[in-house]
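The values are calculated or read from the model by the stated rules, or taken from the named source; none is laboratory data. This one's a predicted model, so the numbers in the text were calculated from it and none came from an experiment. Neighbour counts run over all protein chains shown; Cβ positions are idealised from the backbone, glycine included. Side chains included, ligands, DNA and RNA excluded: accessible areas come from the protein's heavy atoms. Shrake-Rupley method; radii C 1.70, N 1.55, O 1.52, S 1.80 Å.
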Amino acid sequence: MGTPACSVVICSIDPGKYARVTAAYRKLLAGTEHEIIGELVVFSHDDVDVASADLPGALARAAERLDVIGIAGTSKLVGAFWPAAGHPWLHGWMSMPNRGGTGYFVHVYGVDAAITAGLEAIDGMFFAVRRPVLAQVAFDAATFDGFHAYDVDFSFAASRAGFRVGTTAEIALIHESPGGYGAEWARYGERFAAKHRGVLPAPAPARPWSLARVLVPGKEDIVRGFPLARLAAITAQLRAVKLGSEP
């Protein structure tokens, strides 16, 4: 399969951030057709960067097995907060700047392979969608008219429609924001629960879950220090600890 053409759709309300992330994607996709509508549509927050070198290749490999390609998500959705089901249903990894100092924290939710299929929902910080999905599954802009829950709703709808939703571990993403879960998020979470009542599992006590968090000194260490084998080993340890602690 050749490298697919890409369209990048950026969610932004900040002109400065928009300019920076646009310049970053132009550099990352240099040599790849990305000015026109292509086989893949990439949706991105305006505060992300990609530390790994071959974004087009990673997307092309993932698109051979997936229709909706995310960075992190769950294979068991129980609500708008996608990690809520806990382990072993969490998948993916990403990084964030160390806000208390220098370097980056690498967050590992769960990595079993380079590409993991069978997910029910993904996080919207960065994801790619094959054009046939968008022809059949629409974003619910009426219900989710803000910045929250639209991603989980869309990917859950794609999964229920029979499309292949999953994650790739071959993209080392850096997300500047830790996310916010205040009153506005709760309002959209309630909308999500109301929309999918009868489809999602009945409410239950939250399962214990965690992620592995490793501090590295620089951006290059995110790629160099976390090959697939190490990510898988961290995942095995993480799941063994969490599952072993459950009643």
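Here are the numbers:
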read-out	value
Any hit, region 51-67, residues being assigned to a strand (DSSP E or B) and in contact (Cβ under 8 Å) with a residue 60 or more places away in the chain	no
Some residue of region 99-112 being open to solvent by 50 Å² or more (accessible area, probe 1.4 Å), over 19 Å from ILE222 (Cβ atoms) and in contact with a Ser or Thr (Cβ under 8 Å, 6 or more places away or on another chain)	yes
Search result, residues across region 230-247 that are open to solvent by 80 Å² or more (accessible area, probe 1.4 Å) and either modelled with pLDDT of 95 or more or not in a helix (DSSP H, G or I) (or both)	ARG230, PRO247
Selection status of VAL41, open to solvent by 10 Å² or more (accessible area, probe 1.4 Å), assigned to a strand (DSSP E or B) and closer than 13 Å to ALA128 by Cβ	no
Residue in region 130-148 that is open to solvent by 50 Å² or more (accessible area, probe 1.4 Å), aromatic (Phe, Trp, Tyr), closer than 26 Å to GLU176 by Cβ and modelled with pLDDT of 95 or more present	yes
Qualifying positions in region 68-89 - part of a loop (DSSP other than H, G, I, E, B) and among the small types (Gly, Ala, Ser)	SER75, GLY79, ALA80, GLY86
Contacts under 7 angstrom Cβ, first residue in region 26-44 being more than 19 Å from HIS175 (Cβ to Cβ) and of a type in the set (Val, Ile, Thr), partner at pLDDT 75 or above and part of a loop (DSSP other than H, G, I, E, B), 6 or more apart	THR32/THR3; ILE36/ALA5
Failed item, numbered, when LEU119 is tested on (1) farther than 22 Å from ARG224 by Cβ; (2) open to solvent by 10 Å² or more (accessible area, probe 1.4 Å)	(2)
Members of region 149-196 that are touching a residue at least 24 places away in the same chain (Cβ under 8 Å), within 25 Å of LEU40 (Cα to Cα), in a loop (DSSP other than H, G, I, E, B) and open to solvent by 50 Å² or more (accessible area, probe 1.4 Å)	ARG164, GLU170, GLU176
Residues (within 27 Å of GLU184 (Cβ to Cβ) and touching a strand residue (DSSP E or B) at 6+ places or on another chain (Cβ under 8 Å)) located in region 122-152	ILE122, ASP123, GLY124, MET125, PHE126, PHE127, ALA128, VAL129, LEU134, PHE147, ASP151, VAL152
